[in-house]
Amino acid sequence: MAVSRPSALLALDSSASLDIAAPVARAVDVTLRRAVSMRASDVHIEPLGDGAGRTRLRVDGVMRTGEPIGRELYAPLINRIKLLAGLDIANRRLPQDGRYSVVVDSRRIDARVSSIPTLEGEKLVIRLLDHHVALPKLGDLGMDAAALAAYRLIAHAPWGFVVVSGPTGSGKTTTLYASIAELDRSARNVCTVEDPTEACVADTTQVQVNVRAGLTFPTALRSLVRQDPDVIMIGEMRDAETAAVGVSAALAGQTVFATVHSNDAPRTIDRLVELGVARHSLAAALTGIVAQRLVRKLCTACRQVEAVPAHLRSVFSPAIAKWFVASACLVCDGTGYAGRIGVFEVLEVDGAIREAIAAGVPSATLAHIAAERGHRALHHDAAAKIAAGVTSFSEIERVVGWWVR
């Protein structure tokens, strides 16, 4: 892998247009400007095998086809982006990672660039991070009133291990930012370890992981626990050492927020055990688990009412005979959806759950114990959002899945 040079800071030209005759630098600028204007989180620049290529944008979690790139422009465009990101343009056989920054409409946007060789040619993916986005509020994420109240009790506790789980792109980091944004950071020492750092938080010590420089998650965490922390946020637990340090900090009296990849709250226990956390330590430290997904919200300007299919009516909810489905209009750019919202389950870890964790009960049994104590699983919140017309059944099936088969 190439070593990144210091980030370049560029201003994009709003008058440019993307065509083969335009200068390569302007083509790059316009590609990123269009992506930012469409609220894209990622830009994919993909080869088509004949020297030409195309762009695709991930908007609201879904890929959209962007502009074609002519064969005269594709290779120079790839090289231009690699140079900006500090990558080796002569190296087309190995993956590389880099970054640079641009300014769009007076907003600084970080572009995290990843290159990989494919059978058709070299592909780039650019992750766009807007540091000017306002910190989210917990009340705006989509938790229902009961789940929000339960989570706030967990998040504001003086100590504990709070884990937010879900797949990549499910909004876990957003939930963590919203959690620490509600804390009194002027009276508490709040620290984060992230890769990447997605937003700047006032009165917070934020550490950006740099693996090539030797600053890994475990290294940064071990240093932070010696910095008199009250709250530690771990961007992602990827290995046994990171998980062990996080649990140890919670047992020592700190509040530790962390994310992990898992499908639901009960299975998060299994995932943490797989990472090497001892069950007795986990049972003692864990105070709460949030499992979540991000789903697209129906466009309120064009959504349509439709009868619930007969085979789903009795199982989904006998009281609901109709629901909303997506349509298309100019407001939602023909997609039927506008914006996203979270689907959540919040598992409060009480005495019975701690005993079950320490005893090593299977996740299915743990889910049953939690349900008996009033826990609402992920699909319950999904059903409520369908019934309220916030999202559609097809969107829930696409992102969350469904228990009806």
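All of the numbers you see were taken from the coordinates with simple rules; none came from a lab. Note that the structure is predicted; figures quoted are calculated from it, not measured. FYI the Cβ positions are ideal-geometry reconstructions off the backbone, even for glycines, and counts take in every protein chain you see.
A few comments on the model shown:
- Per-selection Kirkwood Rh - the range 280-405 (Cα, Å, 1 d.p.): 16.4
- Intensity falloff of the range 234-273 expressed as log10 I(q)/I(0), Debye formula with alpha-carbon point scatterers, at q = 0.21 Å⁻¹: -0.65
- Tilt relative to the chain, helix 172-181 - C-alpha long axis, 0 to 90 degrees, to 10: 70
- In straight-distance terms, cross-link reach from LYS82 covers every one of the lysines whose alpha-carbon lies under 24 Å from its own, apart from those fewer than eight places away in the same chain; here that gives LYS123.
- Positive-end residue, the chain charge dipole about Cα centroid, Cβ charges, pick of TYR177, THR216, LEU129: LEU129
- Cross-link reach is defined here as a Cα-Cα straight distance under 23 Å, omitting same-chain residues fewer than 8 places apart; for LYS322 the lysines meeting it are LYS297, LYS385.
- Size check on the chain: the Cα extents along the three principal axes, sorted descending, read 67, 59, 41 Å.
- Taking a point 7 Å out from the Cα of ASP350 in the direction of its Cβ, the residues of the range 369-398 whose backbone N falls within less than 16 Å of it are 369-377.
- Sorted on the mean count of surrounding Cβ atoms within 10 Å across their residues, most packed first, peptides 255-266, 389-400 read 255-266, 389-400.
- About its Cα centre, the range 138-399 has a charge dipole of approximately 400 debye under the convention of +1 per Lys or Arg Cβ and -1 per Asp or Glu Cβ, with nothing else charged.
- Against the chain, whose longest principal axis is taken from its Cα atoms, helix 71-84 shows a tilt of about 60°.
- Other residues with beta-carbon under 14 Å from the beta-carbon of MET233 carry, at +1 per Lys or Arg and -1 per Asp or Glu, a net charge of -4.
- Counted by neighbouring Cβ atoms within 10 Å, the residues MET38, MET237 run from fewest to most as MET38, MET237.
- Cysteine residues of the chain whose Cβ has no partner cysteine Cβ closer than 4.7 Å: CYS191, CYS200.
- Gyration tensor verdict on the range 216-313 (Cα atoms; rounded if a/c is under 1.5, prolate if a/b is larger than b/c, oblate otherwise): prolate
- Considering only GLN254, MET233, VAL305, and ranking their Cα positions along the charge dipole of the chain that arises from unit charges at the beta-carbon of Lys, Arg, Asp and Glu, the one farthest toward the positive end is VAL305.
- Projection of the Cα convex hull of the range 9-130, averaged over all directions and equal to a quarter of that hull's surface, yields 6.8 nm².
- Part-to-part distance (alpha-carbon centres) for the range 216-278 and the range 128-161, which is given in Å: 18
- Annotation: amide H of GLU67 within the under-5 Å range of THR55, sequence separation 5 or more or interchain, hydrogens built in the peptide plane.
- Lys, Arg +1 and Asp, Glu -1 on Cβ, resulting dipole of the range 9-130 about Cα centre, debye, nearest 20: 200
- Sequence of VAL133, VAL102 once ranked by neighbouring C-beta atoms within 10 Å, starting from the fewest: VAL133, VAL102
- The aspartates and glutamates within cross-link reach of LYS137, meaning a Cα-to-Cα straight distance under 12 Å and a gap of 8 or more places when in the same chain, are GLU182.
- Here, P(r) means the percent of Cα pairs in each 10 Å bin from 0 to the largest distance; for the range 337-405 it is 18, 41, 27, 13, 1.
- Packing-based exposure ordering (other Cβ within 10 Å, fewest first) of LEU119, LEU366, LEU94, LEU312: LEU119, LEU94, LEU312, LEU366
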